[in-house]
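Data block below; observations after.
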Amino acid sequence: MPRRTKAVAKRIKNLVQSAKNRVEPYVVNTVEFVLSVLLSGATFCQSEFQFMLNNIKVPSEATFHRVQEKVGRVIIEVARESVNYWKSRMRKCSGPLFDGSWSQRRNAMFCYVQFVEEKLKKL
């Protein structure tokens, strides 16, 4: 067996041994978990795997999606309030400038758009 393979085998053996000595897994807050997944741009499965490797228990996928729906509604409501506020501050006959870009981390499934008011120079 080459030296590198022996080292890898030894590390895996140590990981298995340390897994046997683990204490109860830490249980994560569902809302915090949903927010971390949304902010990182990862999927539920990717995040679940990473948390599992760190002995952190995550909520079920059904619970995740139920909370994600609630969090999504709050985010959309805050965005609407923000847009309406800045819309009320715009002068008549002025139009917003905008620029958008596709998110490569999300496999170009989502487009981020920024709006800027010409006179106020506010997003």
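The values are calculated or read from the model by the stated rules, or taken from the named source; none is laboratory data. All of these numbers come straight from a predicted model, not from anything done at the bench. Here the Cβ positions follow ideal geometry from the backbone for every residue, glycine too, while neighbour counts run over all protein chains shown.
Structure notes:
- Checking residue 52 against (1) loosely packed, with under 11 Cβ neighbours inside 10 Å; (2) modelled with pLDDT under 85, the condition it does not meet: (1)
- From the list 60, 82, 88, the one residue that fits, being more than 13 Å from the chain's Cα centre (by Cα) and closer than 17 Å to residue 114 by Cβ, is 82.
- Checking each residue in region 18-37 for being at pLDDT 70 or above and in a helix (DSSP H, G or I) picks out 30, 31, 32, 33, 34, 35, 36, 37.
- Residue 108 vs. criteria within 30 Å of residue 12 (Cα to Cα), part of a loop (DSSP other than H, G, I, E, B) and modelled with pLDDT under 90: no
- Boolean, residue 13 is surrounded by 10 or more Cβ atoms within 10 Å (Cβ to Cβ), modelled with pLDDT under 75 and out of contact with any Lys or Arg (no Cβ under 8 Å at 6 or more places or on another chain): yes
- Residue in region 65-83 that is surrounded by 10 or more Cβ atoms within 10 Å (Cβ to Cβ) and modelled with pLDDT under 80 present: yes
- Residues being closer than 24 Å to residue 15 by Cβ and of a type in the set (S, T, N, Q) are represented in region 55-65 by at least one member.
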